[in-house]
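Engineer: Supplied in structure tokens, the structure appears directly below.
Laboratory data are not the source of any read-out in this text; all were calculated from the coordinates shown. Since we're looking at a predicted model, the values are computed, not measured. All Cβ positions, even for glycine, are placed from backbone atoms using ideal geometry, and neighbour counts span all protein chains on display.
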Amino acid sequence: MPNEHMMALGDYRFSVATAAYRELTRSAEYRWAAQERLGRLPARQYLGPGPETVSLSGVIHPHYRGGLGQLDRMRAEAGRGEPLDLSTGDGTIMGKWVVTRIEETRQVLDADSAPRRIEFRLQLARYGEDQNQTLQQIVFGGG
């Protein structure tokens, strides 16, 4: 049976039937320190990976499926204050991420001011997971 969700963030599932994202933007930075040199261009030393972000934007049609509480469930997941596992519908595990921002725009309001269309944008940042060794173990030795 095919997977029913497009992506999972913690316990929240994005799917065509509920909150379908239509655009995913991923950005990664890499840190290089500059060492100034007389009469030459600066030398660069690689310090490691920098911030990595993901932006998801999509549309919810609450009267179709999933109801009005979908963004509240996203906020509840973000409000746990913990890094969340992010994985794609094809099973790719993207690691741990934190929600840094949730935006919503409610459109096509009915007579009760309930939206028939909600556009959303989620901003995620990669959680810097600890390595197996502590800094003290790396500097002073030991396993």
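Engineer: For the range 1-45, with only Lys/Arg (+1) and Asp/Glu (-1) charged at the beta-carbon, what is the dipole magnitude about the Cα centre, in debye rounded to 20? If you can, show how the numbers build up before the last one.
Structural biologist: On the way: 7 positive and 5 negative charges, 80 e Å.
Charge dipole of the range 1-45: 380 debye, to the nearest 20.
Engineer: So, R0 is 30 Å and r is the distance between the beta-carbons of residue 23 and residue 111; what FRET efficiency does that work out to, to 0.05? All intermediate terms of the calculation are to be shown ahead of the outcome.
Structural biologist: Details: r = 31 Å, r/R0 = 1.04.
Efficiency, rounded to the nearest 0.05: 0.45.
Engineer: In Å³ and rounded to a whole number, note down the convex hull volume per residue for the Cα atoms of the range 1-76. Could the numbers behind the result be given before it?
Structural biologist: On the way: hull volume 11.4 nm³, N = 76.
Dividing the Cα hull volume of the range 1-76 by its residue count gives 151 Å³.
Engineer: Could you check the spin-label model distance between residue 4 and residue 101? Points 7 Å from the Cα along Cα→Cβ, value in nm.
Structural biologist: Using points 7 Å along Cα→Cβ, the separation is 3.3 nm.
Engineer: Comparing 36, 103, 119, which has the greatest mean-square fluctuation in the GNM of the chain with Cα pairs linked when under 10 Å apart?
Structural biologist: Highest fluctuation among the options: 36.
Engineer: Something else now. About the Cα centre of the range 7-140, how large is the charge dipole given +1 on each Lys and Arg Cβ and -1 on each Asp and Glu Cβ? Please answer in debye to the nearest 20. Provide the component values of the computation, followed by the final result.
Structural biologist: Values: 18 positive and 17 negative charges, 78 e Å.
Computed about the Cα centre, the dipole is about 380 debye.
Engineer: Could you tell me the relative contact order of the chain? Use alpha-carbon pairs under 8 Å, at least six residues apart, and round to a whole percent. Let's see the in-between values first.
Structural biologist: Details: 253 pairs, mean separation 33.4, N = 143.
For the chain, the relative contact order is 23 percent.
Engineer: For the chain, state the average projected area of the convex hull of the C-alpha atoms over all orientations, rounded to one decimal in nm².
Structural biologist: Values: hull surface 56.3 nm².
Average projection, Cα convex hull of the chain: 14.1 nm².
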